[in-house]
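Remarks on the structure that follows.
The values are calculated or read from the model by the stated rules, or taken from the named source; none is laboratory data. Predicted model, so just to flag it, every value in this text is computed and none were measured. Methodologically, a virtual Cβ is constructed for each residue, glycine included, from the backbone with ideal geometry; neighbour enumeration extends over all protein chains shown.
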């Protein structure tokens, strides 16, 4: 770590060391600003998405096409990756393979150092967040500047993103004004005097601040939404034009690309460039689609590096049920529709990927050894709304249940496990259930009052806010037996 | 109407059997009124969903096996729960497959094809939407997630409710959003569950309805638990109980009980 930081420090601690989800969630639920922002933002984007999706009568076919293309890619990923490497190399790009975060970060550091750069400008990228590239660069004395407006707000705010697409969704404009006023001048061009919380003025301040960095930087770092195997083309889809600046102005461009971003042919983009904008920003077409195929003399970056990143993906690929998570195109429709995400926001997930997709992707990429990772598959009511909106038909509830089973199987004996085992045995035979029901009938007779109110201990989980009906004094089973003189059946 | 000649097996579900017996009683009344012969095989227990969805696949197997053993010999298995029926349809084949028991898997698949949620059985098999019910109240319907997205009962409950005489059906705002029950989610993530439920309750109260109706008593236990704690003055009720209600026999809940509870 260099003595003086070049960039704003993120919050201390590692995401993976966060407490389990319910604990984080309980804290976030009390954040009224967050609740209001999320309610408004998710409700708005949800409606817009539904409208633009409804415009396409063949939306379901598009989803199935997207699913099929991704499935084929994953099935033959080894072949397509080699083809991608060959095409990229033919186009003049330099291809690197990184098996984990440390390797990927080192490649970026080495390239930046070789170019004599002590700073890089960044296109918004989930992959670079996943490998914590900014902090690795900082430790190597290289400043990484986020240029996406919301990422800039997050970075200047010493904060973490809370949404895949709208990382500063938890902030409102008066907070943004405060962050800009306080921090911007320390890291470059300061905001104008008398900065207000007028969105246009805030965007203007960011524009001037970033412009200086775009023009100065010799190296840019990006991710990629798609990597086309047959043409050796990388694709970045964005809304602000900051990406276009990074991709065209600096002399050297390094792109970190998760291996699952591969698509076989250029034609396949037709499907995804329809699915992605409508699902993510609820736009018919995204404002900026940048594509580059290696190096073109006298036009754009003259040195193009592509880092193909595994970082746990091949492990996910080996899981027959879990691998469908690798189809994800990071649209965030599942976050926006999720009733859990809507109420707790992204930070509660202790994961770069929040929401439903994070709940199935992160425990697979990182494993379920940490408290937060083991709790993520349970951070869902299994309502299934995410599966319904997913543009590549990832059956998120199915994977959640699958991962719950993995968590249960991989952890030792527990009280819950014992209860479940006993319950499982009871449910194996109607006579056993009938016997247990004698207890519930008795409870119904001896408990006072109309309903069961607040109880202490473990029962507080339910009864803290919810009454519980008193068990009836006669089960349906007993009623049936009484009605049918011993039953017609047995 | 197309009343089957063979006996219809009632899959009461363990939670209805134990906690909400008025619902399966209503199913019996309703189906018999419509001319069906109804049986309740006493061997039945549970769909096993609580085990499956909490990650205890092995512990769900006795339920899966028992379900097959109990209901195999019937042509129609009808349950008043989109969630439990959905679990049978969606998860029993998966569990049997994972368990590596092809024989059980074949039996499971055969039974899946003849297992119906009540609303499906009424509309699709009996071919009836007007079941001759009378329920003179203002009612709002919450389409529980598993009825909506797993069992996919679609607009059947709305069609059934719309045909009930005296009933005013009020649209529930943001109806398709989860109420926050989610099985053991309601305990493991009780804070989030309650936060979701609070918004659902607000939507229910906004309708001015006397009753909130669903096809799943589990979700209703959660919504009803919140309503009861708030003394909100809205009664949770299962769809079957409304459909069983007639001029001659108004359901007990409609006539007397202030809140849902097993002892009514």
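For the criterion of being closer than 30 Å to residue B:40 by Cα, surrounded by fewer than 15 Cβ atoms within 10 Å (Cβ to Cβ) and at the interface with chain B (Cβ under 7 Å from one of its Cβ atoms), residue A:479 fails.
Would it be correct to say that residue B:28 is under 20 Å from residue A:474 (Cβ atoms) and buried (at least 19 other Cβ atoms within 10 Å of the Cβ)?
Criteria met by residue B:28.
With respect to the conditions (1) more than 20 Å from the chain's Cα centre (by Cα); (2) within 20 Å of residue B:235 (Cα to Cα), residue B:189 falls short on a single one, namely (2).
Scanning segment A:285-339 for residues that are within 14 Å of another protein chain (Cβ to nearest Cβ), assigned to a helix (DSSP H, G or I) and out of contact with any helix residue (DSSP H, G or I) (no Cβ under 7 Å at 6 or more places or on another chain) turns up nothing. Just checking, does segment A:7-28 include any residue being more than 30 Å from residue B:176 (Cα to Cα), assigned to a loop (DSSP other than H, G, I, E, B), away from chain B (no Cβ under 14 Å) and touching a strand residue (DSSP E or B) at 6+ places or on another chain (Cβ under 7 Å)? Checked against the condition, which is being more than 30 Å from residue B:176 (Cα to Cα), assigned to a loop (DSSP other than H, G, I, E, B), away from chain B (no Cβ under 14 Å) and touching a strand residue (DSSP E or B) at 6+ places or on another chain (Cβ under 7 Å), segment A:7-28 yields at least one hit. Taking the options B:75, B:101, name whichever one is away from chain A (no Cβ under 11 Å) and modelled with pLDDT under 95. Being away from chain A (no Cβ under 11 Å) and modelled with pLDDT under 95 holds for just one of B:75, B:101, which is B:101.
Here is a yes/no grid of residues against (1) more than 22 Å from the chain's Cα centre (by Cα); (2) touching a residue at least 24 places away in the same chain (Cβ under 8 Å); (3) farther than 30 Å from residue A:299 by Cβ:
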{"site": "A:45", "(1), (2), (3)": "no, yes, yes"}
{"site": "A:57", "(1), (2), (3)": "yes, no, yes"}
{"site": "A:70", "(1), (2), (3)": "no, yes, yes"}
{"site": "A:77", "(1), (2), (3)": "yes, yes, yes"}
{"site": "A:97", "(1), (2), (3)": "yes, yes, no"}
{"site": "A:100", "(1), (2), (3)": "no, yes, yes"}
{"site": "A:115", "(1), (2), (3)": "yes, yes, no"}
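Within segment A:48-69, the residues that satisfy the criterion of being loosely packed, with under 12 Cβ neighbours inside 10 Å and assigned to a helix (DSSP H, G or I) are A:51, A:54, A:60, A:61. Being buried (at least 22 other Cβ atoms within 10 Å of the Cβ), within 30 Å of residue A:420 (Cα to Cα) and away from every other protein chain (no Cβ under 11 Å) holds for only one residue in B:144, B:214, and it is B:214. Here is a check on your reading of the model: is residue A:424 more than 30 Å from residue A:360 (Cβ to Cβ) and surrounded by 18 or more Cβ atoms within 10 Å (Cβ to Cβ)? Answer is no for this residue.
Residue count for segment A:341-355, restricted to those that are crowded, with 24+ Cβ neighbours inside 10 Å and part of a loop (DSSP other than H, G, I, E, B): 6. Of the residues screened, residue A:461 is one that is at the interface with chain B (Cβ under 7 Å from one of its Cβ atoms), under 25 Å from residue B:13 (Cα atoms) and not in a loop (DSSP other than H, G, I, E, B).
For residue B:66, the conditions (1) facing chain A (nearest Cβ under 7 Å); (2) touching a residue at least 24 places away in the same chain (Cβ under 8 Å) all hold with the exception of (2). Where helices (runs of 4 or more DSSP H) fall entirely within segment A:356-450, those with at least 2 residues that are touching a helix residue (DSSP H, G or I) at 6+ places or on another chain (Cβ under 6 Å) and touching a residue at least 60 places away in the same chain (Cβ under 8 Å) are at A:371-375, A:396-410. Looking at the structure I just gave you, is residue B:172 away from every other protein chain (no Cβ under 14 Å) and part of a loop (DSSP other than H, G, I, E, B)? When the stated conditions are applied, residue B:172 passes them. In a loop (DSSP other than H, G, I, E, B), in contact with a helix residue (DSSP H, G or I) (Cβ under 8 Å, 6 or more places away or on another chain) and within 14 Å of another protein chain (Cβ to nearest Cβ) - does that describe any residue in segment B:112-130? Scanning segment B:112-130 turns up no residue that is in a loop (DSSP other than H, G, I, E, B), in contact with a helix residue (DSSP H, G or I) (Cβ under 8 Å, 6 or more places away or on another chain) and within 14 Å of another protein chain (Cβ to nearest Cβ).
Which of the residues belonging to segment B:150-169 are assigned to a helix (DSSP H, G or I) and surrounded by 21 or more Cβ atoms within 10 Å (Cβ to Cβ)? Working first, answer last.
Taking segment B:150-169 first, the residues assigned to a helix (DSSP H, G or I) are B:150, B:156-162.
Residues satisfying the conditions are B:150, B:156, B:157, B:160, B:161.
Matching residues to (1) facing chain B (nearest Cβ under 9 Å); (2) modelled with pLDDT under 95; (3) surrounded by fewer than 21 Cβ atoms within 10 Å (Cβ to Cβ):
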{"position": "A:377", "(1), (2), (3)": "yes, no, no"}
{"position": "A:411", "(1), (2), (3)": "no, yes, yes"}
{"position": "A:419", "(1), (2), (3)": "no, no, yes"}
{"position": "A:432", "(1), (2), (3)": "yes, no, yes"}
{"position": "A:436", "(1), (2), (3)": "yes, no, yes"}
{"position": "A:440", "(1), (2), (3)": "yes, no, yes"}
{"position": "A:445", "(1), (2), (3)": "no, no, yes"}
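Filter segment A:141-186 for residues that are surrounded by 18 or more Cβ atoms within 10 Å (Cβ to Cβ) and farther than 25 Å from residue A:37 by Cβ and give the result. Within segment A:141-186, A:142, A:143, A:144, A:145 qualify.
Exactly one condition in (1) within 14 Å of chain A (Cβ to nearest Cβ); (2) closer than 30 Å to residue A:21 by Cβ is not met by residue B:205; state its number. Condition (1) is where residue B:205 drops out.
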